[in-house]
Amino acid sequence: MRTAYSVETVRAAERELMARLPEGALMARAAAGLAAVCAELLARRRGRVYGSRVVLLAGPGDNGGDALYAGARLARRGAAVTAVPMDPARIHPGGLAALRAAGGRVAESVPARADLVLDGLTGIGGRGGLRPAAAALVERIPAGALVVAVDLPSGVDADTGEVAGPAVSADVTVTFGAYKPGLLIDPGASRTGAVRLVPIGLELPDRAELEALQHADVARLLPLPESSSDKYRRGVVGVVAGSEQYPGAAVLAVAGALRGGAGAVRYVGPAADAVLARYPEVLVGRGRVQAWVVGPGLGSGRAAEVERALADRDVPVLVDADGLRGLDPEAVRARRAATLLTPHAGEAAALLGVAREEVEAGRLAAVRGLAGRYGAAVLLKGATTLVASGGVVRVNPTGTPWLATAGSGDVLSGLAGALLAGGLSGGDAGAVAAYLHGLAGRFAAGAPAAGGIPAGGLAAGGAPVVAQEVAAALPEAWRSVRG
């Protein structure tokens, strides 16, 4: 499990550690790790550190100090290091002295050429966008320079990933002690580049602000058949989806459910002929189920289908797409069994009564707000999918931009419904489904499928896919996770 911690939590851990260490020791650890990463990057780019041109954008706080001390280490290895302070009167004195002692220099303006630029302007303490002086320095970063952010790209909110105005777009972010939520959540995540964690000895609480599942976590959660299992013990998922206008949504949701480990799938809706033509093993008509999936392609005028599913308070229900229209929070909160809502940003905005742009800019607040309002698990789809349940938020580290295709969400709904029928909680079903769905998308696209912390947003490696191909790749995703 990858974990991310808030600024307040990280600051508290830093204070506790600094009380036990000699003065300056913690900053020295951070600077050493930062310099090592920069040296590695320069060696890859130029073959050596010696003679490289390095520019430090130095803010007035500890973030600027980290950059200056790291620059001093690079200068001692023969790099030509130039520091450009955001505010010369407030530059970190110890870092500045170390840089000058190592042969570095200070300039009033950003040089026109550089091999590497260290962004040490604001770090995790920045709030509300860059100040004009910092924004002016960012605008002058030389074209073609490798940009390395210190702890967090300046202009990105460490706790939320929000970006209010200009911000640094890094090629690499070197973060200290712990991942921060803003590194993993869009729009901030799209500016981080590859994220490198430098351990500095922080003692952090077990409960994190944000979690990211890895292969081993997903493998542990997957519901697997036993020798005594039959199709009913494995879980029967009912799918209420599709309409005359959108019969394909029913087919794709059923495909996700069948590939998601369900022992059987029951289909209820007007697209039975289309479903049976593709999947003759599907049961048609109502009957006993262990979970319902309701909403994909349902169309208007079928709110009664959603109400009927929610009224069965002891059976888990996933509500998606058209099923989310006008959803009654009290009807959801009154349920005893798990409820999983799977909106995209536009649907989330309608449920919250805000503009879509507000959800896109503050995804963490949105998913937490929805989970609190409805008393349910919520999977907020997007470039970085978030799942909130019971105060825990998970960010999905798998996927590809090629998954932004018609019907992909229908496959995801069926998959998550099957996991609910297999006994997973709403939060676990959402997080595991998002993880497998993301892997399947990458397999279908022919892109590298390694999981982990997103690097600069998800790269569009491979080729375009259609939703049917994503569903077909789900078994490969299962095998990959289980090793």
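Nothing in this text is a laboratory measurement; each read-out follows from the coordinates by a stated rule. The model shown is predicted, which means the values in this text are computed figures rather than measured ones. Reconstructed Cβ throughout: ideal geometry from the backbone, glycine too, with neighbour counts over all protein chains shown.
In percent, what relative contact order does segment 49-208 have, based on Cα pairs under 8 Å that are 6 or more apart in sequence? Write out the running numbers ahead of the final one.
Values: 397 pairs, mean separation 29.9, N = 160.
Here the relative contact order equals 19 percent.
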Given R₀ = 30 Å, FRET efficiency for THR405-ALA19 by Cβ-Cβ distance, to 0.05? 0.05
If you find the alpha carbon centre of segment 172-238 and of segment 343-422, how far apart are they in angstrom? 15
Estimated FRET transfer efficiency (ARG278, MET1; beta-carbon r; R0 56 Å; 0.05): 0.90
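Kindly state, to the nearest 0.05, the FRET efficiency for ALA28 paired with GLU476, given R0 = 45 Å and r defined as their beta-carbon distance. Can you show the working numbers first?
Working: r = 46 Å, r/R0 = 1.03.
About 0.45, to the nearest 0.05.
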Just from the alpha-carbon atoms, what are the Rg and Dmax of segment 311-428 in angstroms? 13.3, 38
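If a/c stays under 1.5 just call it rounded; otherwise compare a/b with b/c (prolate if a/b is bigger, oblate if not). Do that for segment 22-115, with a ≥ b ≥ c from the square roots of the Cα gyration tensor eigenvalues.
Numbers: a/c = 1.93, a/b = 1.21, b/c = 1.59.
The shape class here is oblate.
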Antiparallel as a % of all DSSP beta bridges within the chain, to the nearest 5? 20
Cα-based helix-to-principal-axis angle, 62-76 vs the chain, degrees rounded to 10: 60
What shape does segment 267-353 have by the C-alpha gyration tensor, where a ≥ b ≥ c are the square roots of the eigenvalues, rounded means a/c under 1.5, and otherwise prolate means a/b greater than b/c and oblate the rest? oblate
Roughly how many Å is it from the Cα centre of segment 100-114 to that of segment 42-75, as a whole number? 10
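Per DSSP H run of n ≥ 4, the term is -39500 (n - 2.57); total these for the chain, divide by its residue number, and report the mean residue ellipticity at 222 nm rounded to 500 deg cm²/dmol. Please list the in-between numbers first.
Working: 18 runs with 186 residues, N = 483.
So the calculated ellipticity at 222 nm is -11500 deg cm²/dmol.
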Please say if segment 80-169 is rounded, prolate or oblate, where rounded means a/c under 1.5 for a ≥ b ≥ c the square roots of the C-alpha gyration tensor eigenvalues, and otherwise the choice is prolate for a/b larger than b/c and oblate otherwise? prolate
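Mind jotting down a quarter of the surface of the convex hull over the alpha carbons of segment 1-52, in square nanometres, one decimal?
With the hull built on Cα positions only, its mean projection is 5.7 nm².
Suppose every K and R has +1 on its Cβ and every D and E has -1 on its Cβ; what is the size of the dipole of segment 139-254 about the Cα centre, in Debye to the nearest 20? List each step's numbers first, then the result.
Values: 9 positive and 15 negative charges, 73 e Å.
Once rounded to the nearest 20, the dipole reads 360 debye.
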Dividing the alpha-carbon Rg of segment 159-236 by 2.2 N^0.38 Å yields what? 1.64
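Relative contact order, percent, of the chain when contacts are C-alpha pairs under 8 Å separated by at least 6 residues?
Numbers: 1179 pairs, mean separation 64.4, N = 483.
Here the relative contact order equals 13 percent.
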When N counts the residues of segment 182-305, how does its alpha-carbon radius of gyration compare numerically with 2.2 N^0.38 Å, as a ratio? 1.49
Cα-based Rg/(2.2 N^0.38 Å) for the chain, rounded to two decimals, is 1.08
